[in-house]
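To start, the structure under review is shown below, and the notes come after it.
Each reported figure results from applying straightforward, stated rules to the coordinates on display, with no laboratory input. As the structure is a computational prediction, the values presented were derived from the model and not from experiment. Quick reminder, even Gly has a Cβ in these numbers, built from the backbone with ideal geometry, and neighbours come from all protein chains shown.
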Ligand SMILES: Cc1cc2nc3c(=O)[nH]c(=O)nc-3n(C[C@H](O)[C@H](O)[C@H](O)COP(=O)(O)O)c2cc1C
Ligand code: SF4
Ligand code: SF4
Ligand code: SF4
Ligand code: SF4
Ligand code: FES
């Protein structure tokens, strides 16, 4: 049986998160020291070589991203930690921040040194006020100890909009504007916060950095899947025996995730579907459970690893009804800036709702397919592009559930 | 200028480095539809009607905000592109009154034009919720029917970037997003200065000139280029003329001084043309009564009186105050006349006093 591997969570339960001395005694901030003894170029190369890819959903190579900001010439650069964690069923960033906040600060400071930035922001989900307190305490302690050097970190709070987790909307929000995505390019590493080169990385991404420097890129690259190395923090929800979090290497299968780690489906019921990566993740049927959870394997089956949320549905669940709730979520969370998403999420919900109420027809299924395809390609940001994926994948794998309601 | 070569619909074209795909296509004479793009405004990339297919890109990028790259292969009318554009138009139309039959904008409405082009007659998405906004005609100049708004954001950007008034922004999110004033009040209650830039740039019938309502279809309107008589700036615009009668003012993008910007007087203050009280000849007071006179008579009288004043009381008994409604040239002449002929430096301008 596959085993959990605690790299990110190595200090979980072992240190007092509100006492920086515990972190220091566990070897904390040695990596930052080491980073600062390296050239910026070598440091970025080390991160790139580790193969670490962003844990916020898009899976971009972190070292390569840092290199864009490093290479950009500017009088000011910024480091932003994306702690918006708005994805339903996801709480892995909260776990990291609650249990080992210094590891995130250290990761940010290393990034700051790498790209030449002295200012960091943590954009924390509005529903996590207690986490903001922990972060502020951690920052205060780090400042008092002087471990951050000239790198300054401030916490900013979101106000509940899911789209503000999207990096450019997040930047707009920090700037004090409506939280709406910008078109790209330019990408934030080149033109970001207040027009300056800005690295936006996820909490989990930053938390990986100190340990990569401590143990080396090669060590990290050897863990889990080759194309998406390391471990991934997953949160198990829905119809699963162990509704908990786990940290696993990325070369395990979805089946192992659900049955070995999650203990399978409760009450002896049968598995029906699993949605991974959050609300915009594709639905995965039984036949695809032997897929590896790494980014590329998931993408190949039209699913995502995303935030690492695992939402399991047993045989009693009504797929169309669940999908209907999801379309309602996206209708609600669309910022409305671009027309295919603003109008599309609305109509998508109306049509699925109609089908769910037994009022749909076969042409509605085709229309959903067309609308979903167009949205996935033509929307301005990832929200609208990913919003149709639950509809498209359920139409693909669970079409009979729709047909039965027509 | 550094150029890059790319392929659009299989044809090799060159465009300056840093151009967008749309600019490259424009240069090559290849048409790409657009609703939110406007050359006078910052880019928004929001309507997504201008999407194109780019080889190697899984998405359909918006051509108005996507820079060209060397060797890029772009397809502006591929099946996926057409499907996306049709679907977007159908989505917009599903939430639109579609009263083109009586809409004052038809003929100059981009939404109607593109629906015509792509054969979008009815929407499969129709039948659901539609906006039911109250029409704002609280002011004498602008009719604002946001039921016809496609949220291209041109009005918001025009107000901020052209006028600097920043009277408009977006309210609410998603389907309920609204391009409107602070607090969603009517224009009359807002900080609007009624410059009408938002009207000039609105691609649909959401913002229209009140004076033109019901006065004629756009294609019946003759445009007569003229210079604004209100001040010395010399803004140009087109008078909208129907059956020999002025019914409104329309911006002319080719105006060298002002582009499409105007102020409330120039755009909406032209109704004096047909005012019955308007003076049409010089008037000379005779026996306590104003009587119509010719220009020759009037000028003779002015010359005679000015000379008499100068002779009797000296040059400094005279002062000239010129008007901001005069052009630069006219102001120059006023001071020249005052100094060189009347012989005094008593000359000033209302904008300085
Ligand atoms: C609608 C939407 C919501 C997002 N929410 C989050 C979020 O809550 N947290 C996060 O880290 N990334 C989120 N992202 C991804 C970010 O845009 C960005 O890719 C990420 O923060 C980059 O960090 P990484 O490279 O470390 O993954 C979201 C993206 C979209 C389109
Ligand atoms: S895709 Fe949706 S959330 Fe993203 S910019 Fe467009 S309307 Fe806003
Ligand atoms: S705004 Fe355009 S599409 Fe709408 S009713 Fe008027 S002419 Fe027709
Ligand atoms: S009329 Fe001028 S000031 Fe008023 S909203 Fe339009 S652009 Fe702004
Ligand atoms: S009112 Fe006109 S210009 Fe303003 S957003 Fe709507 S359609 Fe665009
Ligand atoms: S014209 Fe390009 S997105 Fe609107």
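Is region B:177-234 best put as rounded, prolate or oblate by its Cα gyration tensor, with a ≥ b ≥ c the root eigenvalues, rounded for a/c under 1.5, and otherwise prolate when a/b is larger than b/c, oblate when not?
oblate
Does region A:128-170 come out rounded, prolate or oblate by the C-alpha gyration tensor, with a ≥ b ≥ c the root eigenvalues, rounded set by a/c under 1.5 and, if not, prolate when a/b is larger than b/c and oblate if not?
Oblate is the answer for region A:128-170, as a/c is 1.5 or above yet b/c matches or exceeds a/b.
If you average the C-alpha positions of region B:99-146 and of region B:220-277 separately, how far apart do those two centres end up, in angstrom?
25 Å
Which residues in region B:244-277 place their backbone N less than 12 Å from a point set 7 Å from the Cα of residue B:328 along the Cα-to-Cβ direction?
In region B:244-277, the label zone of residue B:328 (backbone N under 12 Å from the point 7 Å along Cα→Cβ) covers B:257.
How far apart, in nanometres, would the label points at residue A:140 and residue A:18 be if each is projected 7 angstrom from Cα along the Cα-to-Cβ direction?
1.0 nm
Within a 10 angstrom radius of the beta carbon, how do B:85, B:157, A:178, B:217 rank from fewest other beta carbons to most?
Starting with the residue having the fewest Cβ neighbours, the order is B:217, A:178, B:157, B:85.
For B:290, A:329, which order do you get if you count the other beta carbons within 10 Å of each Cβ and list the fewest first?
B:290, A:329
What is the distance in Å between the Cα centroid of region A:348-376 and that of region A:71-95?
Using only Cα atoms, the two centres lie 35 Å from each other.
Tell me, how many Å apart are the Cα centres for region B:13-37 and for region A:184-229?
So the separation of the two Cα centres works out to 35 Å.
Cα extents of chain A along the three principal axes, largest first, in whole Å?
Per principal axis, max minus min of the Cα coordinates gives 65, 47, 35 Å.
From other protein chains only, count the Cβ atoms within 10 Å of every residue's Cβ in B:90-100, then give the mean.
Shielding by partners across B:90-100 averages 3.
Between residue B:69 and residue A:39, what FRET efficiency comes out of the Förster formula 1/(1 + (r/R0)^6) with R0 = 22 Å and r the beta carbon distance, rounded to 0.05?
Efficiency for this residue pair is about 0.10.
According to a simple spin-label model (label point 7 Å from Cα along Cα-to-Cβ), what is the distance in nm between residue A:359 and residue A:76?
Placing both labels 7 Å beyond Cα along the Cβ direction yields 5.3 nm.
Can you list the residues of region A:290-327 with backbone N under 16 Å from a point 7 Å past the Cα of residue A:406, pointing along Cα to Cβ?
Within reach of a label on residue A:406, which here means backbone N under 16 Å from a point 7 Å along Cα→Cβ, region A:290-327 contributes A:320.
For labels at residue A:332 and residue B:28 in the simple 7 Å Cα→Cβ model, what's the distance in nm?
If labels sit at residue A:332 and residue B:28, their model points lie 4.6 nm apart.
Taking the Cα atoms only, what angle lies between the long axis of helix A:339-356 and the longest principal axis of chain A, rounded to 10 degrees?
Rounded to the nearest ten degrees, it is 50.
Within 10 Å of each Cβ in peptide B:160-172, how many partner chain Cβ atoms are there on average? Round it to a whole number, please.
Whole-number average of other-chain Cβ neighbours for B:160-172 is 1.
Just rank B:75, B:125, fewest to most, by other beta-carbon atoms within 10 angstrom.
Least to most surrounded, the residues fall as B:75, B:125.
For chain A, what does the helix formula give at 222 nm: sum of -39500 (n - 2.57) over DSSP H segments with n ≥ 4, over the residue count, nearest 500 deg cm²/dmol?
Result for chain A, helices only: -13000 deg cm²/dmol.
Taking every residue in A:374-387, how many Cβ atoms of other protein chains lie within 10 Å of its Cβ, on average?
4
Which of A:16, A:296, A:75 moves most in a GNM of chain A, Cα contacts under 10 Å?
The residue with the greatest mean-square fluctuation here is A:75.
Assuming a ≥ b ≥ c are the square roots of the Cα gyration tensor eigenvalues, decide whether region B:283-349 counts as rounded (a/c under 1.5), prolate (otherwise, with a/b larger than b/c) or oblate.
Oblate, because a/c is 1.5 or more while a/b does not exceed b/c.
Convex hull over the alpha-carbon atoms of chain B: what's its volume per residue in Å³?
196 Å³
Would you please give the FRET efficiency between residue B:273 and residue B:352, computed as 1/(1 + (r/R0)^6) with r the Cβ-Cβ distance and R0 = 30 Å, to the nearest 0.05?
Once rounded, the FRET efficiency stands at 0.50.
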